[in-house]
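S.K.: Okay, here's the structure, questions in a sec.
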Amino acid sequence: MRGSDLHLLYFAWLRERVGKAEEVITLPEGVGTVGDLLAWLRGRGPGYAAALANARTVRCAVNQDFAGPETPVRAGDEVAFFPPVTGG
Amino acid sequence: MATVRVQAEPFDVGAEMAALTAGRTGIGGIGCFVGVVRATGGITAMTLEHYPGMTERALAGIAEQAEQRWDLLGCTLIHRIGRLTPGEGIVLVLAASGHRQAALEATTFLIDWLKTGAPFWKKERFADGKEAWVEAKEGEGLCPSTPLGPVGPRPLYFR
C-alpha cells in the first residue's frame, strides 16, 4: 500500500454483494469524506451499486472507529463498509 | 482491568468467574449474562463474522465506559466467532463489583452496548440448507454506528 492509497474492507452481505473482502484503491480525486467515497464506489459496477444502494443499511468505520457520511477520508486510511451490527 | 476476547472456542463460565475473582477480595457480587444460540424458525446453525482489530478495540472501549460509570472491580467480555449450533454460548459478560446493583447494572449496559456497538454479524442456516444474514432491529436504541443514510432519531446515549 502506498501513501496515496485507501484500504477498503467489506463485511457480511456487503462483502458478498461487492464480491470481495478487501481491496486497495488510489484515493479518487474529489473524495474527501465517507459520503463522497460511497457515491464514488456506487459507480464502480453493479455489485457495488447493489451493495451500497440503500445508504440506510450501510455503516462505516474509518481506521476502526465508527464513522458517518461527513467523516473525512484521507490517503492511508482503512475504510470499512458493513451492515448494521448483529452481535451478542 | 477488563478481559476482552474474541474466540472460536467455547467459553467456560466457571473458569472465567474464577479468573475474574482471583486475588480480588473486595468483590461482593458478579453480574453474569450468557447469550445462547436459540433454535427458532428452524435454525440449525449460525456463523459469526467480525472485523478483526476493530472488534477488540470496540469491546475494550465498551468495557472502559462501564468502568467509568460503575465502581467495578473487573469485567470480562468474551464473544465467539465462527460456526455455532443451537444451545451453544455465543457471548459472555461478567461484571464484578463490591455490591450487586453496580454489578447488575454494568452487566446490562455491557450486553446492550455489545449487541449494537461491536462489529459482529450473524448468518443463520436453516434446516432446508438456506442461509440468511440476521437483520438489525430498527431503532434498536443504542447503536453508536452512524447510518450513511437517513433513519430515525439518534440513539438515547448520543443525544
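S.K.: If I go through segment A:43-88 residue by residue, how many of them are within 11 Å of chain B (Cβ to nearest Cβ), in a helix (DSSP H, G or I) and under 21 Å from A:L27 (Cβ atoms)?
M.R.: 2
S.K.: Also, quick follow-up: Among the listed residues A:G30, A:G35, identify the single one that is more than 8 Å from chain B (Cβ to nearest Cβ) and not in a strand (DSSP E or B).
M.R.: Within the list A:G30, A:G35, the selection yields A:G30.
S.K.: Between residues in segment A:75-87 that are touching a residue at least 60 places away in the same chain (Cβ under 8 Å) and within 18 Å of A:V18 (Cα to Cα) and residues that are among the acidic types (D, E) and not in a strand (DSSP E or B), which pairs lie under 6 Å by C-beta distance while being six or more apart or on different chains?
M.R.: Filtered contacts from segment A:75-87: no entries.
S.K.: Could we say that A:R56 is free of Cβ contacts under 8 Å to residues at least 12 places away in the same chain, within 11 Å of the chain's Cα centre (by Cα) and surrounded by fewer than 18 Cβ atoms within 10 Å (Cβ to Cβ) here?
M.R.: For A:R56, the condition - free of Cβ contacts under 8 Å to residues at least 12 places away in the same chain, within 11 Å of the chain's Cα centre (by Cα) and surrounded by fewer than 18 Cβ atoms within 10 Å (Cβ to Cβ) - is not met.
S.K.: Looking only at segment B:13-27, how many residues end up being part of a loop (DSSP other than H, G, I, E, B) and either surrounded by 13 or more Cβ atoms within 10 Å (Cβ to Cβ) or among the aromatic types (F, W, Y) (or both)?
M.R.: Number satisfying all stated conditions: 1.
S.K.: Let me ask something else. Being assigned to a strand (DSSP E or B), within 29 Å of A:A21 (Cα to Cα) and without any contact (Cβ under 8 Å) to a residue 60 or more places away in the chain narrows it down to one residue among B:V6, B:V91, B:V34; which is it?
M.R.: Just one listed residue meets the conditions, B:V91.
S.K.: For segment B:104-123, check the following and say yes or no: at least one residue is over 14 Å from the mean Cα position of the chain (by Cα), at pLDDT 95 or above, closer than 22 Å to B:F33 by Cβ and assigned to a helix (DSSP H, G or I).
M.R.: yes
The values are calculated or read from the model by the stated rules, or taken from the named source; none is laboratory data. Quick caveat: nothing in here was measured; it's all calculated off a predicted structure. Every residue, glycine among them, receives a Cβ derived from its backbone with ideal geometry; neighbour counts consider all protein chains shown.
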